[in-house]
Structure formats: structure tokens, C-alpha cells
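A single structure is presented below for examination.
The values are calculated or read from the model by the stated rules, or taken from the named source; none is laboratory data. No experiment lies behind these values; they were computed from the predicted model shown. Counting neighbours? That spans all protein chains shown, and the Cβs are built from the backbone with ideal geometry, glycine included.
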Amino acid sequence: MELYELTVHELSDLIKEKKVSTVEVTKSFLDRIEKIDSKVGSYLSVLGEDAVKRAMEVQEKIDKGEAKSPLSGIPVAIKDNICTEGIKTTCASKMLHNFVPPYNATVTKKLLSDNAVIIGKLNMDEFAMGGSTENSFFKPTKNPWDLERVPGGSSGGSAAAVAANLTAFALGSDTGGSIRQPASFCGVVGMKPTYGAVSRFGLVAFASSLDQIGPLTKDVTDCAMVLNCITGYDPMDSTSAKVEYPDYTKALVNDVKGLKIGIPKEYMGEGLNSEVREAVLKAVEVLKELGAQCEEFSLPLTEYAIPAYYIISSAEASSNLARYDGIKYGYRAEKFTDLLDLYKQTRSEGFGTEVKRRIMIGTYALSSGYYDAYYKKALQLRTLIKKGFDEAFQKYDVILGPTAPTTAYKLGEKVNNPLEMYLGDIYTVSVNIAGLPGLVVPCGFDSNGLPIGLQLIGKPFDESTLLRVGFTFEQNTDYNKRARIGGEL
Amino acid sequence: MNKIPTTIKGQESEVSYNMEYEVVIGLEVHAELSTKSKIYCSCTTEFGGEPNTHACPICTGMPGVLPVLNKKVVEYAVRAGLATNCHIAEYSKQDRKNYFYPDLPKAFQTSQYDLPLCSNGYIDIEVDGKQKRIGITRIHIEEDAGKLMHDEWDTASLIDYNRCGVPLIEIVTEPDMRSAQEVKVFLENLKAILQYIDVSDCKMQEGSLRADINLSVRPVGQKELGTRTEMKNLNSFKAIVRAIEGEAQRQIEVLESGGTVIQETRRWDDVKGMSYAMRSKEEAHDYRYFPEPDLMPIIVDEKWKQEIKDSLPELPEARKKRYISEYGLPEYDASILTGSKALADFFEDAVKNTDNAKAVSNWIMGDLLRTLKEKEMEAEQIPFPGEYLAKLVTLIDKGTISGTIAKKVFEKMFNQGKDPEVIVKEEGLEVVSDESALVAVVKKVLENNPQSVADYKSGKEKAFGFLVGQAMKETKGKANPQMINKILREELEK
């Protein structure tokens, strides 16, 4: 077995036992990127020599006994909307094609202080808007399972890189499903933590009240290990939660006996691909056999989640992205006549179609005379959707359902149909609207051999129960093992 | 009701109107808070500094950064609210005001929209001996923008982000003012209050206090408000007074000539004494306010509010009343003294060291204010402590120096910042009370002025005064005048 095929915890053990050096590990991934990534297109920047140098420094620390974190020497790649000091952070946009932040995101700092080795920055939909990574200004990323297909998005680069063994683990961001849907499409484990559990400082904002950084990993154990590193209160983020953060690896227990799991019938109805439905139902049977109590229930307002999401996220985006005006950094149009024209030309040329579409939707929704009809209504819906989950969680420990209505679709298939693309977010957006944690684990394959992801939704700050269910499911099925075939590429 | 002046400075002709008009004015006042650090980051708020040296990724709105509210800003705004009799909201929030301009790096200003921190307050003012209550609609917190510099390069404008993120409070009044004079007094009172409670230094020339004026006119007796204009770019009390008078006359002339006032924003050009239309209501920005999702609601609980209330110092109005009752000062003097915190503090520093408050007040009202005015200095810049003024008063009261000498000592105190006792000692300015010395002086004066002696003896009392003057002159003003009087009489009667 190659080093790049191993999980974080496997690599961590080998490094700790001095069976491999951090440099060997890093080089193993860098070589594979060199060989394979031209096909997958998951990276926007690769830190070759810098990563090796960093791995050497970490090895020295390990040898001196100064690097105790299990992530010491583990290669990580980061979605390109998370700031990395001195390393380009482009958001896959022409607007920031040359932007090098002079600061680190809090998660970047945490990874570095845990001695992880950053090996590169990952492709995404421009400013995290999209579900296929086709909205990248630079290039589309392909699904390692079928290079004709999309990896999902917006964290498509992150999911594809983990699936294709191009990194040991990755960070992504999830505003409406951007970690979970690509995890589902690529057959990896992805977690959107509770809103406030991971600092957003240094995450280039798309929709501030919905954005959350999370891990994409090869298995649930890795997910727990990365959560241990990146969660925590951050005084630099006012929306960061001051709560006790547990040791998530303690949740890795092979037991779901007595857990109450609810399946929203609205998640299993019309619009859901039958092969996905079957895989989810099969997963329910597995969990039942393992002693969980599973039942269907009704989660009303599910149909309103998409309109509410697109209004709130676009409204916030229209304001968050206004700073890209060609004045201070990033792209500036070459030709303009005056200040207003500078703004117009820069923003017309610097943003892609989907980003412009969202800015327009959001600007409209906040405009005087429309605010009450759109934005205010959406906020009211948000309250009601939250309430619906609160009520459900009085009865259930975990809510279970599909992640996306389909498996990975073909590149170009939905590019000209944004509405259809938006409807693909139906099972994921509510989780962001309600600020809940959501975990996706592989739960089967369709007739084309494409992976299907099971979504587990938890109570606020109860990532542990999700990890427990995910871990138990992983231990008692072979989907995860079957999903780790990226090496065939 | 105040009539519009029928002439305006700089205009020759007298104007008379068909109707009598009333001017209605409300203000939007921005005051920079004197917190050490900015509202959402730890950069210094210090004025000046090389361009863009008081700026960081947060206040320049770089990608991915987040704001964290400076608690002091809330505290200062609540102080201002309490000092102006406002209701303090237990729950308020911050909102984004979206517009594009290069001095606003995030392309939105974080402000407060529908739930401000303070509301429903008032300040009492007194104009022409009449009390009037001016309503404060609201006070909210927001961030300042940067500064554009257009003149340094030919082909480009430069931006200085030092001021970006400096905390402001915006104070919005009810349309309760009816004249430029009322506005001036209101602003003076407001400025004094903000200085007293130490939340803003209110330096208009540095832009730390700025006022926008909403003004309309209506025929006297009409209930409905006329169409208003908003005037910006006012950076001195004088400019404000001129702008109000100018804009009121402009609006009246529009109405008198059968036209209608257009709701618009106007820019006052103080040099030309004219206002110019900047943008009409139709062109007004749609700011697309919405709640700032990066910041949590502001909670001011009863306990915190009480703590802030308890920490408030005595306010100008209360201080003025105390000066009248405690020191027996005339109302006019008391209101001048308390009009500036620095001056009032100086006064109190002085009266701690003497019982003669009246004399201290007279010195401040007279020589001190006159000297400050001559030297174009502010009360903050008085070059000696109040204690010195008390010493000067004591020197006079004890008869150590004469009133004439005291004026000279005061001048030296002001120019050199020296202790008056030291000045008197160093320069030997003590009153001469040595009888034998003074007898010698008097004898000399009588010898040198035989004509005046003869005049006196022939009954001309005037000549006595002349001789006293000569004796004082001889001693360079240092002689004890009572003793000179006595000795002179004795010698002349001999």
C-alpha cells in the first residue's frame, strides 16, 4: 500500500512509531499530485518545496518530542477561500486571482500549531457559489470516480482531492451543502459543524450567517481528529460559540443501541433518485439491526428551505462581495472612464456569471420596497425552520436522510439550468439555515458505480452523536472500504 | 417664533417678503468617540499619523476578516445617551449600510438602523433668557470612513484609511430648532456635555464633531412642515450659522417666487457663502440596510447601565446651578465658566485653593478669557494651573501686591507659566509697607513738586491725587497705597 492511500490516523501512527518520516509522507502526496492532478484538477496551488521544508521542520519537532498532536506531519490541503498567509487565496475567482493574504485564517493557524503540513490550495466554485465546481474561474475539477462527471461543489476540489488520495485530508466550507454534497458525490466523509463551532475568521465570506468550515476526510475517525484541531471559541469571530468542546475521538464508539433516529418523509419523496432512496433505506435497515430506533416523521417547510436559503445567502453575498471593487486589491479593469465605470468594468469582468446572478438576487431582495417581501419573509422562515428542527430533536437524537437527490452528474449537464442546480441543495440547506451539524458518510453506489452519501443531522454542538452513528455505520458496512478506491486513477 | 433676518451678511440689499416665515431645523451630529482603539479592531484612533499607518486588514476590509465590537464604544455611547436623558435599549443591533465609495473599504458602513442604542432624549437650551427643550430622536454607534486625498497626484486620488473604523456616535435631533442661534446654543451645550462625560474631544477642525442640517421653512402658523433639504460639509459653528441663514433665505426666495423646494442633499461652500445641490431624493442611495450577520446583538443589562450611570460626572447644567448657589456667581458668569469643561475644571482647581471664588471668576471672565482670545487659544491650553490663579488672588487679598502689579504678574504667569509667588519674589514686587522708606519717598515727591503742594494748600483737593500718583510711580507701584495716603496727609499738614 502507498502512503497516500492511508488515513490520517494510520499515517499518524506510522509517524509516531517512526516507521515513516513526515517528509516521506509529504513527498508521497506531492508525487501523486504531480502524476494525477492534471486529470482531476483539484488543486489551484501546490506547495512543493515549501511543504517538504515544512515537513522537515515538523519531523525535527517530532524527534525532539515537541510535536505531540496526532496531526503532526500530516499533509492537508485547504479550500481556496480560507486565508493562508503568504499563499494565494483566490476563491477561484478572477477577482482575487492574485490575492495573497498577509494573515492566516484561524483554522490555518490551528492546523499549523498542530504541526499539519499544508501542501496546497483547492479548487472550488467561485466564491463558493455552486454545486459542481464548474464555476471556478480557473478550471473545473473532475470526479475521480468518473472524470466525465462533476465532483459536486462548492468544495469539489476538497472532496476530489481526498477521494483521489491527493491529500490526507482537506478543509472545505459549507454554506448550503458545499462540504456534504461533494463528499456524497466523491464517496468521502464530510462534516459541516454547528454554526459557531469553527471560527470563520479568515474564511472569505459568502453568506456570513450560514458559512461554516469543516473537514473532508477518508473516514469518520479522521473526521473526529480534524474536528479536535479546528473547533473552539475564537475571540476574533463574534459568532464563535463559547461552549465546552469535547474530545471528538471519544465519540468513536461502535454502538447505536437505543438511539432515536428520525427520517423526514419530505426528504424521501418526489425528486429523489430511486437508487439514492434505496441506499438510504438500506442504511436505515443497518442501523435498525444495530439497535437504533428509526422512524419516519414530517419536517414541514422543507419546500421553503430553498427559497429562504437563496434569499438570505444571496442578500449577504451581495454585501460581502461589494468590497471587490478594484480599488484596494485583486482585479482591476484596465480600461475605465471614471470611478463608477471603474466599479462597473471591474465587477463585470472580475466576477463569473453565477456570482453576478447571486449578487443581483441579493441586491434585489434587500432593495427598499422589496425587503419586506423577500428578505424579511426569509428571516421569518428561518425562525420557523429552526423551530421545526427544535421540535424534531425533542423526539430524535439524529435526523437521517439523503445528501443530494442524485449522484454525480455529467460536467456541463446543469450549467445552463441554475434553478435545477439550486434544487440539488434541497436536503442540505436547512441544516445551514438552522445552524446544525451535518455529517455525510458513504452508504452505497448507484448502477454506474458512483458513490452515494448518507446525511446525518444533529442537535447544535452534538457532533459527537453524529460521529458515533457514522463510526458505527462505517464499522458495520463495507461502503467506506469500497469507497476508498481513488488509487485506481 | 423667530423672524428670518431680512439681510444676510455680504448682501447689500434689504429684502422684504410677502409672508412671515418660520425656519424648522433638525440636526444629525456625528461625534468621534475618544476610545483608544477603533470600533472593530485594535488599531489606534489617534488623529494624524502617516497615511495608512493606523490601519490593519480588519479596518481596511480585507477578504475573510471579521469585526469584533469594542465594548468601550458601547459604554461611551450609553454615557452620551444617559447624559442626554435618552432611553437606553436593553437589546439593540448593528446593521450594514451598503454603498460604494473608495473611502469605504468594505463597501458598507456598519451602523445601526432600526434598533439604535439610545432614543427619546433631550437637551435643554437657553436662548435670549428663554428655556427650550430640544428632543433627541436617537443616538447610534457607527464607524467612520477613510479620507480621500485628491490633490497630491495629478492623475489619481489617494486614500488614507487611518480614520476608517474610528468609532462615531450619530445624534439625531427632532426638528425642534427655529433659528441659527438655537442651533448654535444646542451644539455648544451638546459639545460641553460630550466633553464633560469624556466621550469625545469634539474638535470641529479635526472633524471629530460634524453636523448635518435638515432645514425647511413654512409660513408662520402653518402646521405642516415644508420640504426639507439636508446640508453637509459644515465644520465650524460660524459656518453652521451662515449656512442656516443662507439656506433659509434661499428656500424662502424659492417659495416667494412661486417655486417649490426640492428635497435634496446640498453642500455648503462656506467661502462662497452658498449651497449647491449634491443629489436629489430620486438620486438618493438605496442603502439596502440589513442586520450585520458578523456581529451579535448588543445587550445592555440594567446592572451595566447603572454602573455607567454611576460613573457619570456632574453635567454642565448641574454644575452651573451649583456655581450659582455655592459660589454666589451671577448666572451669566456661571454659564460661561461651565460652557467648557476645561474652563470649569480650571475654575474648580482654583477655588480649592482660595475662598474668594468671586475674584477667581472675575479674573477668568476678564483677563484670562481675553488673553486666550487674543492668542487664539482654547481653555484646554491655559498654560498654568488653577492653583496659581488662586495664589494670585490671595496675594492681592493679603495686600502683598497691588491690583496694578497683579495685572503684570498675571501676564508673566500666562507667558511663562510661573508660580505668581515666585514671580513676585524674584522681581521684588511686594508692596512696600516700610513706614520710614515711604516717608522718604513722600518727602522727595513733595520737594520735587512745590507747585502741587501750593495748590493743595490753597484748597485744591485734586493736587492730592496727583501727589499720590507720583509717590506710587516713584515706588514702581509697589507702595502700599493706604500708607502713602496717610503719610502724605501727615506731611502736608506739617
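If residue B:354 satisfies every condition in (1) in a helix (DSSP H, G or I); (2) modelled with pLDDT under 95; (3) surrounded by fewer than 21 Cβ atoms within 10 Å (Cβ to Cβ) but one, which is the exception?
(1)
Can you pull out every residue in segment B:90-112 that is part of a loop (DSSP other than H, G, I, E, B), away from chain A (no Cβ under 13 Å) and surrounded by fewer than 21 Cβ atoms within 10 Å (Cβ to Cβ)?
Result: B:90, single match.
Let me ask something else about it. Quick test of your reading of the structure: residue B:233 fulfils all but one of (1) closer than 30 Å to residue B:67 by Cβ; (2) modelled with pLDDT under 90; (3) out of contact with any Phe, Trp or Tyr (no Cβ under 8 Å at 6 or more places or on another chain). Name the failing condition by number.
Residue B:233 satisfies all of (1) closer than 30 Å to residue B:67 by Cβ; (2) modelled with pLDDT under 90; (3) out of contact with any Phe, Trp or Tyr (no Cβ under 8 Å at 6 or more places or on another chain) except (3).
Next up: Restricted to segment B:262-317, and to residues that are within 14 Å of chain A (Cβ to nearest Cβ), more than 30 Å from residue B:228 (Cβ to Cβ) and surrounded by fewer than 16 Cβ atoms within 10 Å (Cβ to Cβ), which residue is farthest from the chain's Cα centre (by Cα)?
B:296
Do you know which of the residues in segment A:212-240 that are in contact (Cβ under 8 Å) with a residue 60 or more places away in the chain and in a loop (DSSP other than H, G, I, E, B) is farthest from the other protein chains (Cβ to nearest Cβ)?
Checked segment A:212-240; the qualifying residue farthest from the other protein chains (Cβ to nearest Cβ) is A:219.
Right, something else. Among the residues in segment A:259-279, are any away from every other protein chain (no Cβ under 14 Å), surrounded by 24 or more Cβ atoms within 10 Å (Cβ to Cβ) and part of a loop (DSSP other than H, G, I, E, B)?
Within segment A:259-279 (the criterion being away from every other protein chain (no Cβ under 14 Å), surrounded by 24 or more Cβ atoms within 10 Å (Cβ to Cβ) and part of a loop (DSSP other than H, G, I, E, B)), the answer is no, since none of the residues qualifies.
Still on this structure, please answer the following. Of the conditions (1) assigned to a loop (DSSP other than H, G, I, E, B); (2) in contact with a Phe, Trp or Tyr (Cβ under 7 Å, 6 or more places away or on another chain); (3) within 28 Å of residue A:384 (Cβ to Cβ), residue A:208 clears all except one; give me its number.
Failed condition: (2).
For segment A:181-211, which residues satisfy the criterion of being in contact with a Pro (Cβ under 8 Å, 6 or more places away or on another chain), more than 14 Å from chain B (Cβ to nearest Cβ) and not polar (S, T, N, Q)?
Within segment A:181-211, A:182, A:185, A:186, A:187, A:188, A:189, A:190, A:191, A:192, A:193, A:197 qualify.
Out of segment A:321-330, which residues are free of Cβ contacts under 8 Å to residues at least 40 places away in the same chain and outside any loop (DSSP other than H, G, I, E, B)?
The answer is A:322, A:323.
Further, regarding this structure: Taking the stated definitions as given, is residue A:376 surrounded by fewer than 24 Cβ atoms within 10 Å (Cβ to Cβ), of a type in the set (D, E, K, R), in contact with a helix residue (DSSP H, G or I) (Cβ under 9 Å, 6 or more places away or on another chain) and not in a strand (DSSP E or B)?
no
While we're looking at this one, here's another question. Please determine, by comparing only the residues of segment B:277-291 that are in contact with a helix residue (DSSP H, G or I) (Cβ under 9 Å, 6 or more places away or on another chain) and not hydroxyl-bearing (Ser, Thr, Tyr), which one is modelled with the lowest pLDDT.
My answer is B:286.
A further question on this structure: Before we move on, is residue A:177 within 14 Å of chain B (Cβ to nearest Cβ) and in a loop (DSSP other than H, G, I, E, B)?
no
Let me ask something additional. Name the residue, out of B:471, B:463, that is small (Gly, Ala, Ser) and touching an Asp or Glu at 6+ places or on another chain (Cβ under 8 Å).
Exactly one residue qualifies, and that residue is B:463.
Which members of segment A:111-149 meet the condition of being part of a helix (DSSP H, G or I), touching a residue at least 60 places away in the same chain (Cβ under 8 Å) and away from chain B (no Cβ under 14 Å)?
Listed by number, the list holds a single entry, A:111.
Cβ-Cβ under 6 Å, sequence separation 6+ or interchain: first residue in segment A:353-367 and under 16 Å from residue A:307 (Cβ atoms) and away from every other protein chain (no Cβ under 12 Å), partner of a type in the set (A, V, I, L, M, F, W, C) and assigned to a helix (DSSP H, G or I). Which pairs?
Going by the 6 Å Cβ cut-off, the qualifying pairs are A:358/A:317.
Within segment A:66-110, can you find the residues that are farther than 22 Å from residue A:234 by Cα, in a helix (DSSP H, G or I), more than 9 Å from chain B (Cβ to nearest Cβ) and of a type in the set (A, V, I, L, M, F, W, C)?
Selection gives A:95 alone.
Would you tally the residues in segment B:426-447 being in a helix (DSSP H, G or I) and under 16 Å from residue B:481 (Cα atoms)?
The number of residues fulfilling the criteria is 10.
Only one of (1) modelled with pLDDT under 90; (2) on the phi < 0 side of the Ramachandran plot fails for residue B:175. Which number is that?
(1)
What strands (runs of 3 or more DSSP E) lie completely within segment B:113-159 and have 1 or more residues being buried (at least 21 other Cβ atoms within 10 Å of the Cβ)?
Those strands (runs of 3 or more DSSP E) span B:118-127, B:130-143.
Would you please name the residue that is nearest to the other protein chains (Cβ to nearest Cβ), looking only at residues in segment B:28-71 that are among the charged types (D, E, K, R) and in contact (Cβ under 8 Å) with a residue 40 or more places away in the chain?
If we take residues in segment B:28-71 being among the charged types (D, E, K, R) and in contact (Cβ under 8 Å) with a residue 40 or more places away in the chain, then B:38 is nearest to the other protein chains (Cβ to nearest Cβ).
Here's another thing I want to ask about it. Regarding segment A:308-331, can at least one residue be identified that is aromatic (Phe, Trp, Tyr) and more than 14 Å from residue A:93 (Cα to Cα)?
The answer is yes, given that some residue of segment A:308-331 is aromatic (Phe, Trp, Tyr) and more than 14 Å from residue A:93 (Cα to Cα).
Does residue A:318 satisfy the condition of being touching a residue at least 12 places away in the same chain (Cβ under 8 Å) and among the hydroxyl-bearing types (Ser, Thr, Tyr)?
Taking the combined requirement at face value, the residue satisfies it.
What helices (runs of 4 or more DSSP H) lie completely within segment A:381-477 and have 1 or more residues being hydrophobic (A, V, I, L, M, F, W, C) and either at pLDDT 95 or above or more than 17 Å from residue A:304 (Cα to Cα) (or both)?
A:429-433, A:463-476
Being surrounded by fewer than 23 Cβ atoms within 10 Å (Cβ to Cβ) and away from every other protein chain (no Cβ under 14 Å): is that true of residue B:162 here?
The answer is no for residue B:162.
Please find, among A:333, A:315, A:308, the residue that is crowded, with 21+ Cβ neighbours inside 10 Å, away from chain B (no Cβ under 13 Å) and either under 29 Å from the mean Cα position of the chain (by Cα) or not in a helix (DSSP H, G or I) (or both).
Of A:333, A:315, A:308, the one residue that is crowded, with 21+ Cβ neighbours inside 10 Å, away from chain B (no Cβ under 13 Å) and either under 29 Å from the mean Cα position of the chain (by Cα) or not in a helix (DSSP H, G or I) (or both) is A:308.
Right, something else. Return the residues of segment A:252-271 that are under 14 Å from residue A:302 (Cα atoms) and out of contact with any helix residue (DSSP H, G or I) (no Cβ under 8 Å at 6 or more places or on another chain); say none if nothing qualifies.
A:265, A:269, A:270
Still on this structure, please answer the following. Scan segment A:38-48 and tell me whether some residue there is in a helix (DSSP H, G or I) and either among the hydrophobic types (A, V, I, L, M, F, W, C) or buried (at least 20 other Cβ atoms within 10 Å of the Cβ) (or both).
yes
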